[in-house]
Amino acid sequence: MEERRDPKPTAPADEPRKGPCSLARGIGAGVAILIGVHVLMTAIYLGPPNLAKLSLQEVVAAYMEPFFRQRWHLFSPMPAFDSVKLPVRCRSASGEWTPWADPLEDLYRQHYRFRVLGHGKLVQFYHSIGSDLRESVVAAQESCRQSRAEAEGGEMPVETDGESAAQCTGRDVVPLLVSEPSVELAQRYAVRACRANGGDSVVAAQVKLLDFLPKPFSKRHDESAVWGSVMEVPLPPIEVAPAESSTASLGERAAGLLLAEAAP
């Protein structure tokens, strides 16, 4: 006769299971919580002004910056694109300035006609010069508004339709941008453009930032204007010295040109 073997003992049904399965559940729950917190922080950080954003602004900023900082605004009227241009004008030895012109117009036309070629990379590269300059201008505007608000003992004014009650325009903050790398890069761009067009006959160059802002949603049906507003920020002129003999920095040459123009 065969012996009957007792089945393997099993754990009571009401006893919770322990081991790798419960550990995996705990890790999954922790990851889900972290993802949920990150999504919530991102939504508040990128969202338009609201009560939650005002009350949690310091906490959200401490979490998001600098590692999770983003350059676009979720749920807000500002679209995820920008349109900036850097027109340049040149001055000849006779003292006459050329009209403002965008040196990239030919490149734009080539890019639109031949999409499969590498013109898009060049457009993106040159576009970054204007984008970096605009970021410097916007940061200087925010600093200007904050300083004026603190001087008046009140809160920072809220922007409406792309304008601020503090009236810190792009022209107002140009003196604050002299030492910015983005300004020096834009001036180098202007000098090279003038040299390419005028050669040795050019003695000075000037570049300005044009930032085209889209129309507010409330004015989307207004056909009287293509853009909502255009921010124009002309930088100081820069002396164009011969490439071989010039050892001064762009800042020193710009300061010298301004002093020469101010002299009687």
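The values are calculated or read from the model by the stated rules, or taken from the named source; none is laboratory data. Computed from a predicted model, the values in this text were never measured in an experiment. Here the Cβ positions follow ideal geometry from the backbone for every residue, glycine too, while neighbour counts run over all protein chains shown.
For (1) among the β-branched types (Val, Ile, Thr); (2) in a helix (DSSP H, G or I); (3) modelled with pLDDT of 80 or more, each residue gets a yes or a no:
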position: 10; (1), (2), (3): yes, no, no
position: 13; (1), (2), (3): no, no, no
position: 24; (1), (2), (3): no, yes, yes
position: 28; (1), (2), (3): no, yes, yes
position: 35; (1), (2), (3): yes, yes, yes
position: 63; (1), (2), (3): no, yes, yes
position: 68; (1), (2), (3): no, no, no
position: 76; (1), (2), (3): no, no, no
position: 90; (1), (2), (3): no, no, yes
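Which residues, counting only those in the stretch 94-145, are closer than 19 Å to residue 236 by Cα and among the charged types (D, E, K, R)?
96, 102, 132, 134, 135 - these are the residues of the stretch 94-145 that are closer than 19 Å to residue 236 by Cα and among the charged types (D, E, K, R).
Just checking, does the stretch 222-232 include any residue being under 15 Å from residue 101 (Cα atoms) and in contact with a strand residue (DSSP E or B) (Cβ under 8 Å, 6 or more places away or on another chain)?
yes
Check whether at least one residue in the stretch 192-199 is under 24 Å from residue 236 (Cα atoms), in contact with a Phe, Trp or Tyr (Cβ under 6 Å, 6 or more places away or on another chain) and either modelled with pLDDT of 85 or more or not basic (Lys, Arg) (or both), and report yes or no.
Within the stretch 192-199, none of the residues are under 24 Å from residue 236 (Cα atoms), in contact with a Phe, Trp or Tyr (Cβ under 6 Å, 6 or more places away or on another chain) and either modelled with pLDDT of 85 or more or not basic (Lys, Arg) (or both).
Output the qualifying pairs, or none if there are none: Cβ atoms under 8 angstrom, residues six or more apart or on different chains, first residue in the stretch 102-121 and assigned to a helix (DSSP H, G or I), second residue of a type in the set (S, T, N, Q).
Partner pairs satisfying both residue conditions: 119/110.
Out of the stretch 183-225, which residues are in a helix (DSSP H, G or I), small (Gly, Ala, Ser) and surrounded by fewer than 20 Cβ atoms within 10 Å (Cβ to Cβ)?
If the condition is that a residue be in a helix (DSSP H, G or I), small (Gly, Ala, Ser) and surrounded by fewer than 20 Cβ atoms within 10 Å (Cβ to Cβ), then 196, 198, 199, 201, 218 are the ones that fit.
Looking at residue 260, is it modelled with pLDDT under 50 and assigned to a helix (DSSP H, G or I)?
Yes: the conditions hold for residue 260.
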